[in-house]
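Take a look at the structure below.
The values are calculated or read from the model by the stated rules, or taken from the named source; none is laboratory data. Keep in mind that this is a model prediction, so the values were computed, not measured. Cβ placement follows ideal geometry from the backbone for every residue including glycine, while neighbour counts extend to all protein chains displayed.
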Protein chains: 2
Amino acid sequence: MDGQPETAAALVIGNELLSGKVEEANVHVLAKALRGLGIELRRVVLILDDVEEIAREVAALAASHDWLFTSGGVGPTHDDVTVMGVAKAFGVGVVEDATLAKMLRDHYKERCTPGHLQMALVPEGATLESTEDVRWPTIRLKNVWLMPGVPEIFKMKLPVVAGRLGSGAAFLSRAVYTKMDEGDLRPLLDAVVARFPDVGVGSYPKWQDPSYRTKLTFDGRDAARVDAARDAFLALLPAGEPQRVE
Amino acid sequence: MDGQPETAAALVIGNELLSGKVEEANVHVLAKALRGLGIELRRVVLILDDVEEIAREVAALAASHDWLFTSGGVGPTHDDVTVMGVAKAFGVGVVEDATLAKMLRDHYKERCTPGHLQMALVPEGATLESTEDVRWPTIRLKNVWLMPGVPEIFKMKLPVVAGRLGSGAAFLSRAVYTKMDEGDLRPLLDAVVARFPDVGVGSYPKWQDPSYRTKLTFDGRDAARVDAARDAFLALLPAGEPQRVE
């Protein structure tokens, strides 16, 4: 077995999400991507477009996790204050990045306005991250990646993250489906949890599905241990179970 | 105009959400419901199934908001530790509620196990909230509502919340769709934001939609002010705009 996985947090920024006008869509995509990289997403915080609050959260989350991903607030309008918030969190200024400014001028040509050029502002000391396939840069300051809020663009940028991060073993997961309910499963699960403290055991009741009532999951980075935990659980099931194993 | 709206936070609990195995579905539903009640959702935190972390977050969020809604971790298995976390946050014990225990025994009859009866445990001093239509109680301790994680059941419980909360004016929203991009819109928005500090102005670029490029929103609880902000913005638009007004 290798060491502890790297950890990550996400800070999702946007009034439109908390007011229910727009449904958040990036956390799930990020969670799956990080899991594939062997990085453990441990906390997600959704807040309003507020510089002070962003600064406070970025400072706390970046200090307590290996990586922090912000989502949203990187456009050119008054409510796009993530760059300012991240800069404030690290006590640095906001400066125009010459590379980004040139890219914006080349892109908008004679239509380029001061509004567009706000997107060239970065926290002092930031790095621009890109790949050959994803050429428009993502701003990173130390362990903080400033990801866009628009889901289509957020998704597009994930390969850039994947290109830089994650050398650890990926997580893997096994699942068992049963028609037993959680109350009856409890002693069985307790026994497995006690024997396999290194395997994450989850129990998820399904609401009105004819094929099963509860899905049990076994998660870890050591395949042999994960399989052993699942098999130990299977051995405890009564006749007629399980419905399905994955 | 009436006073400040009540505030709320949500604490979403579940390893399965942070590992990307399950997509979170309750925050958006809650956000919309609270908005309809005139309550401002200001912060959402997603964490793992961990008693200490739940206790810490509940204590902080319940103290800084009028209402806190937890989602998840209220079933009968080893990873259902929300009741314990909430109790710990308020420094009270966990006790069996006689009403809940009776309901569980009546429901499961001779099949009732100690596992099932874990669902009768509540933080000491908790209230059971229900309505005529939603008879299975939701546990509430002071300003903290313990909502279930299963989305179908979460939704089912919202009318109970709505029956107890929200006497303030509901929020309302106007929208304007334009083909302008955010860089060009910026000076227009800045002008409106300066004149209407009491109206929330949002700007949301749409990715690859032929009918518009940016959606502008105007939000508040005073219809006259919201309409005035939208109209002030409309007056600044060039010929050929807007594409659509809502």
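Quick notes on this structure:
- Residue A:218 satisfies every condition listed in (1) part of a loop (DSSP other than H, G, I, E, B); (2) in contact with a strand residue (DSSP E or B) (Cβ under 7 Å, 6 or more places away or on another chain) except (1).
- Residues of the range A:1-56 that are charged (D, E, K, R), surrounded by 17 or more Cβ atoms within 10 Å (Cβ to Cβ), facing chain B (nearest Cβ under 7 Å) and free of Cβ contacts under 8 Å to residues at least 40 places away in the same chain: A:16, A:21, A:24, A:42, A:43.
- Selected residue (criterion: surrounded by the most Cβ atoms within 10 Å (Cβ to Cβ)) from residues of the range A:137-161 that are out of contact with any Ser or Thr (no Cβ under 9 Å at 6 or more places or on another chain) and among the aliphatic types (A, V, I, L, M): A:158
- Selection within the range A:176-190 - more than 10 Å from chain B (Cβ to nearest Cβ) and under 30 Å from residue A:7 (Cα atoms): A:176, A:177
- Candidates are the residues of the range A:57-108 that are assigned to a loop (DSSP other than H, G, I, E, B) and free of Cβ contacts under 8 Å to residues at least 24 places away in the same chain; the one that is farthest from residue B:201 (Cα to Cα) is A:91.
- One residue from B:127, B:82 being hydroxyl-bearing (Ser, Thr, Tyr) and surrounded by 17 or more Cβ atoms within 10 Å (Cβ to Cβ): B:82
- Restricting A:203, A:173 to residues that are within 12 Å of another protein chain (Cβ to nearest Cβ), in contact with a Leu (Cβ under 6 Å, 6 or more places away or on another chain), surrounded by 16 or more Cβ atoms within 10 Å (Cβ to Cβ) and outside any helix (DSSP H, G or I) narrows the list to A:203.
- Among the residues of the range A:35-52, at least one is at pLDDT below 95 and in a helix (DSSP H, G or I).
- Among (1) surrounded by 16 or more Cβ atoms within 10 Å (Cβ to Cβ); (2) more than 11 Å from chain A (Cβ to nearest Cβ); (3) not aliphatic (A, V, I, L, M), the one test that residue B:106 misses: (1)
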